[in-house]
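Asker: Here it is, the structure, as structure tokens.
The values are calculated or read from the model by the stated rules, or taken from the named source; none is laboratory data. Note that the structure is a prediction, hence the values are computed from the model and not measured. Every residue, glycine among them, receives a Cβ derived from its backbone with ideal geometry; neighbour counts consider all protein chains shown.
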Amino acid sequence: MSYLLTQLGNGLMLGCMYGLIAVGFSLVYGVARLMNFAHGEFFMVGAYGALFSAELPLWRWGNGAGATMFWTLVISVLVSAASGALVSVLVERLAYRRIRRVSRTATFLVAVGASILLQQIGFKVFSASPRGFPDVCTPVVVAAPTLSGWLQPSAGLPCEVAVTSQLQAVALSPSGTSAVTFVVLAFAVWGALFFVLRTDTGLAIRAVSIDEKSARSVGIRPQPAIVITFAVGGALAGIAGFLWSLRYGGVQPLMGFIPGVKAFVAAVIGGVGSVTGALVGGLLLGLLETLSFAYLPGEVSGYRDAVTLLLLLVFLLIRPLGLLGRQFGEAA
Amino acid sequence: MALLADYILTHLVYLSILVIFAAGVVVLYGLAGVFTLGHQGFMAIGAYFAAGIACLMPAGGSPILAAALLVASVIAGVGGAVAGGLLLTGPSVRLRGDYMALATLAFAEILVALIRNTEALGGMRGLDVASLLPRASGSARLPILGTYALASVAMAAGAVLAVQRLGRSRLGIALRALRDDELAARSMGLENRRARLISFTMGAGLCGLAGCLYAHFSGHVSPRDFGFVQGAMVLLYVVLGGSTAVGTVCAVAVVYFLDEGLKLRCFGLLTGGLGDALVNWKDAILAGLLIALLAWRPYGLLTANRLRSEP
Amino acid sequence: MSGALEPERPHTELSHEPPVLAGSRLTKFYGGVAALERVSLEIPPGEVIGVVGANGAGKSTLLNLLTGAIRPDDGEVYVGGRPMNGQSPAAFAHAGVARTFQKLRLFPSLTILENVCVAMPSTERWSLRSALLRGRSEVGREEDERARGLALLRLVGLEDRAKHLIGNLTYGQRRLVELARALAREASVVLLDEPAAGMNANEERQLCDVLIRINQARHLALLIVEHRWALLRRMAHRALWLSDGRVVQEGAPESVFAAILDSAGVITR
């Protein structure tokens, strides 16, 4: 029984992460009618962002007390959100903005290209080998800081961060990581829902999603709404990236692809364009994946990804609007 | 000199296979307007079916048997791919553009996942294809390679001509009409289902043929050869080529050339640090370049303004 | 186009054939709003019927229902006496119904000749073998189609633009191409959704002449949704006034027009 509960907990947590990514994806699709294939890469960028912020030897102060760790976590979350948002907005500005109005397929191909480009840049800048988070640093007693150490974190120099060793200690204990992850997830999910459902900006975004022309006619300018949506989506994906690496370890340039695809699936299942739908879809997917992995025999679990995709196909064929989605599109 | 000829001939073969694959996508996307991200699945079917039949060849079998198996493998490969295409016909009629793309992507990824998990098909490592064709080695290497190059170029040319002819025929015009404006076309008596049946038959068939040829010429098939990125690249060629057969061939050739050129440091022109950087960043450069090209000319490099409507 | 045609509406004898197109108590809801409510009409062969009404009255909805573009929530559509409910637009087309659209819907990647020819009924169009092999019979069929297409374009005065894409044409010319395309169907009834919209006086007269000519020559029934009464005055045998999804009045065009003006408070005497 407790095994089931643990697995349910794991499933929910995984589902929340998928849900976070899916929310960003759904929001962008709703507002810009654009399947942002590069969304998984914002996830990856967020993870790397948090990685570097944890590596910065700024936490020399403090001797690893709990408060410093708390602040490190907070900063990590903020940095991951910020880096995800930044890259997202950049991609929108540079890649999508003009072509979005012109051609659906070309926009999609540009998205694919952006995704590949980001992955390639990741490969070159960060190197392809996975980096642990945060055990990239050997626990080193506080030493004198060096400027070079700060400028070249990827060189793998031992970091003079006593705090990181604290984080490492936390990370190594599953319950600690789970607690952190759970709390951040809860905040992020709540924040996303609040933003979309209760704020004026969220209302504007929803208006543009439903009908851009009508929104325009009541004075809502779609372009800023789109930029904000991209920023929010990117931020959510970035946070998910940080949490993913915290919980499952491993930060590498291709880490965004599979979760990105799964987020697509979650968004479609839940109804593309619906925020709550994306969350529901993500949860369902996370639960399904975790439970099937836990309970199905070993040989079958290799087909996990295939099952996810099969689920996608089934939904597309039977109920393309997903569970909660609305129909976007012109009448005959 | 022989090395250069070897290089050129080998690449001609692979280029031709790519062209045949792209021709299939021209039918699917260019003519029928199906936003496909799963065409690499058809190629995979073709390749694996061909590999499977080739493995029936006993060691030291007669050339006649080899030839028969060769023909059988092509028939099986193309047939299997067509069957896969027909499977997607129904959904394609019911799903709108973006959703259709996801469905085709799911189709291809499921196939690849199934292959990866099936030991009998070689799993992740892939299968070695028993050689039904005479090996190009030793003194006979260049002539044999030359024959292969000639044969594959001929097949590629045939595929391109067939697609072109289809595009200009009454059937092709009907396909394009359905693509341009489905409601208007249906109101004029054109049936979507029939159009899709035909398009998937020919499109998937060509992709499958490319797969068969790939299996035989490269001697090895693995799931990695039929990934999503490879498929998306071919769609990119078709879009850059203005969704026409000839344009696509140009796009394929140019990008292939660029890719090889960058790999070889602009064919040996750039050396040292710059050359190294070029090789290292080749994929990023290409991706960036292609994005820029698409942003500049989303309807194809030669069509400046909106001549065609979007599927 | 010369003025040698009789501008007045032609006279057709009563026939005892089933109406080419009929709708019985057609109803369509959008959300909670009734776009059309229990609207019935019959079009006998060869008749020209005009449908008038304010914007939003349901005219386009009616037309969409009668051509299979949308399905009625209640009621039935009959083509040549056959019930057609649930059938696709293609089925309606094969049954003999052709149409034009309010928002011009031509095929932008096709030349105007191709636009017209693609609509022609032809069974051999869907043969991949014919398309690829292109034997002598296929070439013959192509030439035949091309000739008929050119004839239709000649009818609307656009024969010399046959090889052009629609981007090169004026709006009025494009409407004429759409008409030619609808005529290519060789249907028994053509439904036109504001065919004269955006046309200048010349083009409108041209359109009118063409419509009268084919109505007489081919005994082709027409349903014309129009705001421009001048067109309907010239050629309609009957008019139907739709308002808020219902038929308010039906009858001779003049009386319907008078009723409309009357209800708007315009003094007509």
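Asker: Quick one: in region C:65-82, of everything that is more than 11 Å from every other protein chain (Cβ to nearest Cβ) and surrounded by fewer than 17 Cβ atoms within 10 Å (Cβ to Cβ), which residue is modelled with the lowest pLDDT?
Answerer: Ranking the qualifying residues of region C:65-82, first place goes to C:G81.
Asker: Among the candidates B:R168, B:R193, B:R176, single out the residue that is within 10 Å of another protein chain (Cβ to nearest Cβ), touching a Ser or Thr at 6+ places or on another chain (Cβ under 9 Å) and surrounded by fewer than 24 Cβ atoms within 10 Å (Cβ to Cβ). Spell out the reasoning first.
Answerer: On the way: B:R168 fails: touching a Ser or Thr at 6+ places or on another chain (Cβ under 9 Å); B:R176 fails: surrounded by fewer than 24 Cβ atoms within 10 Å (Cβ to Cβ).
The unique qualifying residue is B:R193.
Asker: Now, a different point. For residues in region B:196-207 being among the aliphatic types (A, V, I, L, M) and touching a Leu at 6+ places or on another chain (Cβ under 8 Å), which is farthest from the other protein chains (Cβ to nearest Cβ)?
Answerer: We begin by selecting, within region B:196-207, every residue among the aliphatic types (A, V, I, L, M); these are B:197-198, B:202, B:204, B:206.
So of that shortlist, the ones also touching a Leu at 6+ places or on another chain (Cβ under 8 Å) come out as B:197-198, B:202, B:204.
Details: B:L197: 9, B:I198: 5, B:M202: 7, B:A204: 13 Å.
Checked region B:196-207; the qualifying residue farthest from the other protein chains (Cβ to nearest Cβ) is B:A204.
Asker: For B:S152, are the conditions met, namely being more than 7 Å from chain C (Cβ to nearest Cβ) and modelled with pLDDT of 90 or more?
Answerer: On the way: more than 7 Å from chain C (Cβ to nearest Cβ): yes; modelled with pLDDT of 90 or more: yes.
Yes: the conditions hold for B:S152.
Asker: Only one of B:A81, B:A101 is modelled with pLDDT of 80 or more, more than 29 Å from A:G271 (Cβ to Cβ) and in contact with a Gly (Cβ under 9 Å, 6 or more places away or on another chain); which?
Answerer: Numbers: B:A101 fails: more than 29 Å from A:G271 (Cβ to Cβ).
Within the list B:A81, B:A101, the selection yields B:A81.
Asker: Now a separate question. Could you go through region B:181-189 and let me know if any residue there is in a loop (DSSP other than H, G, I, E, B), within 11 Å of chain C (Cβ to nearest Cβ), small (G, A, S) and buried (at least 24 other Cβ atoms within 10 Å of the Cβ).
Answerer: First pass over region B:181-189, keeping only residues in a loop (DSSP other than H, G, I, E, B): B:181, B:188-189.
Now restrict to residues that are within 11 Å of chain C (Cβ to nearest Cβ): B:181, B:188-189.
Right, trim to small (G, A, S) and you get B:189.
Narrowing further to those that are buried (at least 24 other Cβ atoms within 10 Å of the Cβ): B:189.
Scanning region B:181-189 turns up at least one residue that is in a loop (DSSP other than H, G, I, E, B), within 11 Å of chain C (Cβ to nearest Cβ), small (G, A, S) and buried (at least 24 other Cβ atoms within 10 Å of the Cβ).
Asker: Shifting gears a bit: Need pairs with beta-carbon distance below 6 Å; first residue of a type in the set (V, I, T) and within region A:82-95, second surrounded by 24 or more Cβ atoms within 10 Å (Cβ to Cβ); sequence gap 6+ or separate chains.
Answerer: A:V87/A:F42; A:V87/A:V45; A:V89/A:F230; A:V91/A:A38; A:V91/A:A114
Asker: I need the full set of residues from region C:95-123 which are under 15 Å from the mean Cα position of the chain (by Cα) and either within 9 Å of chain B (Cβ to nearest Cβ) or closer than 17 Å to C:L155 by Cβ (or both), in order please. First the steps, then the outcome.
Answerer: Looking only at region C:95-123, we keep the residues that are under 15 Å from the mean Cα position of the chain (by Cα), and these are C:95-106, C:116, C:119.
Selection gives C:V97, C:A98, C:R99, C:T100, C:F101, C:R105, C:L106, C:V116, C:A119.
Asker: Something else: State which residue is surrounded by the fewest Cβ atoms within 10 Å (Cβ to Cβ) when the search covers only region A:1-52 and only residues that are without any contact (Cβ under 8 Å) to a residue 60 or more places away in the chain and in a helix (DSSP H, G or I). Break it down stepwise before answering.
Answerer: We begin by selecting, within region A:1-52, every residue without any contact (Cβ under 8 Å) to a residue 60 or more places away in the chain; these are A:1-2, A:4-6.
With the extra rule that they be in a helix (DSSP H, G or I), the set shrinks to A:2, A:4-6.
Working: A:S2: 6, A:L4: 11, A:L5: 9, A:T6: 14.
Applying the filter and picking the extreme gives A:S2.
Asker: Tally the residues that are among the aromatic types (F, W, Y) and surrounded by fewer than 24 Cβ atoms within 10 Å (Cβ to Cβ), restricting the search to region A:234-290.
Answerer: Selection size over region A:234-290: 2.
Asker: Same structure, new question: I need the full set of residues from region A:59-76 which are at pLDDT 80 or above and among the basic types (K, R), in order please.
Answerer: none
Asker: While we're here: Which of the following residues is modelled with pLDDT of 80 or more, under 14 Å from A:A22 (Cβ atoms) and under 18 Å from the mean Cα position of the chain (by Cα): A:A231, A:A237? Quick ask: steps written out before the conclusion?
Answerer: On the way: A:A231 fails: under 14 Å from A:A22 (Cβ atoms).
Going through A:A231, A:A237 in turn, the sole match is A:A237.
Asker: Sticking with this one: Residues of region A:79-122 being of a type outside the set (D, E, K, R), more than 21 Å from A:F257 (Cβ to Cβ) and in contact with a Pro (Cβ under 9 Å, 6 or more places away or on another chain), which ones?
Answerer: The answer is A:I99, A:V102, A:S103, A:A106.
Asker: Of the residues A:V79, A:V91, A:V102, which single one is at pLDDT 80 or above and either within 30 Å of B:L294 (Cα to Cα) or within 14 Å of chain B (Cβ to nearest Cβ) (or both)?
Answerer: Working: A:V79 fails: either within 30 Å of B:L294 (Cα to Cα) or within 14 Å of chain B (Cβ to nearest Cβ) (or both); A:V102 fails: at pLDDT 80 or above.
A:V91 is the lone residue from the list that is at pLDDT 80 or above and either within 30 Å of B:L294 (Cα to Cα) or within 14 Å of chain B (Cβ to nearest Cβ) (or both).
Asker: For region C:83-91, indicate whether the set of residues that are farther than 28 Å from B:E191 by Cα and modelled with pLDDT under 90 is non-empty.
Answerer: At the first step, the residues of region C:83-91 found to be farther than 28 Å from B:E191 by Cα are none.
Looking through region C:83-91, none of the residues is farther than 28 Å from B:E191 by Cα and modelled with pLDDT under 90.
Asker: Let me ask you something else. Against the condition away from every other protein chain (no Cβ under 13 Å) and modelled with pLDDT of 80 or more, how does B:A253 come out, does it pass? I'd like the intermediate steps shown before the answer.
Answerer: Numbers: away from every other protein chain (no Cβ under 13 Å): yes; modelled with pLDDT of 80 or more: yes.
Taking the combined requirement at face value, the residue satisfies it.
Asker: Please go through region C:240-266 and give me each residue that is of a type in the set (G, A, S), part of a helix (DSSP H, G or I) and touching a strand residue (DSSP E or B) at 6+ places or on another chain (Cβ under 9 Å), ordered by number. Steps first, please.
Answerer: As a first pass, look at region C:240-266 and keep what is of a type in the set (G, A, S): C:243, C:245, C:251-252, C:255, C:258-259, C:263-265.
When the remaining residues are screened for being part of a helix (DSSP H, G or I), the result is C:255, C:258-259, C:263.
Once the filter is applied, which keeps residues that are of a type in the set (G, A, S), part of a helix (DSSP H, G or I) and touching a strand residue (DSSP E or B) at 6+ places or on another chain (Cβ under 9 Å), region C:240-266 yields C:S255, C:A259, C:S263.
Asker: Yes or no: A:V110 crowded, with 21+ Cβ neighbours inside 10 Å, at pLDDT 85 or above, within 20 Å of the chain's Cα centre (by Cα) and of a type in the set (A, V, I, L, M, F, W, C)? Please lay out each step first, then the result.
Answerer: On the way: crowded, with 21+ Cβ neighbours inside 10 Å: yes; at pLDDT 85 or above: yes; within 20 Å of the chain's Cα centre (by Cα): no; of a type in the set (A, V, I, L, M, F, W, C): yes.
Answer is no for this residue.
Asker: Does region B:103-113 contain at least one residue that is away from chain A (no Cβ under 14 Å) and either assigned to a helix (DSSP H, G or I) or buried (at least 20 other Cβ atoms within 10 Å of the Cβ) (or both)? Working first, answer last.
Answerer: Kept after step one, since they are away from chain A (no Cβ under 14 Å), are these residues of region B:103-113: none.
So far as region B:103-113 goes, no, none of its residues is away from chain A (no Cβ under 14 Å) and either assigned to a helix (DSSP H, G or I) or buried (at least 20 other Cβ atoms within 10 Å of the Cβ) (or both).
Asker: Please go through (1) crowded, with 17+ Cβ neighbours inside 10 Å; (2) touching a strand residue (DSSP E or B) at 6+ places or on another chain (Cβ under 8 Å); (3) at pLDDT below 90 for C:R205 and return the number of the only condition it doesn't satisfy.
Answerer: The failed condition is (2).
Asker: Over 20 Å from B:L171 (Cα atoms) and either touching a Phe, Trp or Tyr at 6+ places or on another chain (Cβ under 8 Å) or crowded, with 19+ Cβ neighbours inside 10 Å (or both): which single residue out of C:A182, C:A196 fits that description? If you could, list the steps in order and put the result at the bottom.
Answerer: Details: C:A182 fails: over 20 Å from B:L171 (Cα atoms).
C:A196 is the lone residue from the list that is over 20 Å from B:L171 (Cα atoms) and either touching a Phe, Trp or Tyr at 6+ places or on another chain (Cβ under 8 Å) or crowded, with 19+ Cβ neighbours inside 10 Å (or both).
Asker: May I pose another question? Which condition does C:L133 not pass, out of (1) at the interface with chain B (Cβ under 10 Å from one of its Cβ atoms); (2) within 28 Å of C:L158 (Cα to Cα); (3) not β-branched (V, I, T), if it passes all the others?
Answerer: The one condition C:L133 does not meet is (2).
Asker: Is it true that some residue in region B:236-246 is of a type in the set (G, A, S) and at pLDDT below 80? Reasoning before the result, please.
Answerer: Applying the first criterion (of a type in the set (G, A, S)) to region B:236-246 yields B:241-243, B:245.
If we keep only those that are at pLDDT below 80 too, we end up with none.
Checked region B:236-246: no residue is of a type in the set (G, A, S) and at pLDDT below 80.
Asker: Check off (1) in contact with a Gly (Cβ under 6 Å, 6 or more places away or on another chain); (2) surrounded by 16 or more Cβ atoms within 10 Å (Cβ to Cβ) for C:V210 and give me the number that stays unchecked.
Answerer: For C:V210, the exception is condition (1).
Asker: Hey, among the residues in region C:166-175 that are buried (at least 18 other Cβ atoms within 10 Å of the Cβ) and either within 14 Å of chain B (Cβ to nearest Cβ) or outside any helix (DSSP H, G or I) (or both), which one's nearest to the chain's Cα centre (by Cα)?
Answerer: Taking the candidates together, the pick is C:R175.
Asker: Still on this model: Any residue in region B:74-101 that is assigned to a helix (DSSP H, G or I) sitting within a Cβ distance under 6 Å of a residue that is among the hydroxyl-bearing types (S, T, Y)? List the pairs, counting only those 6 or more apart or interchain.
Answerer: B:V82/B:T201; B:M100/B:S92
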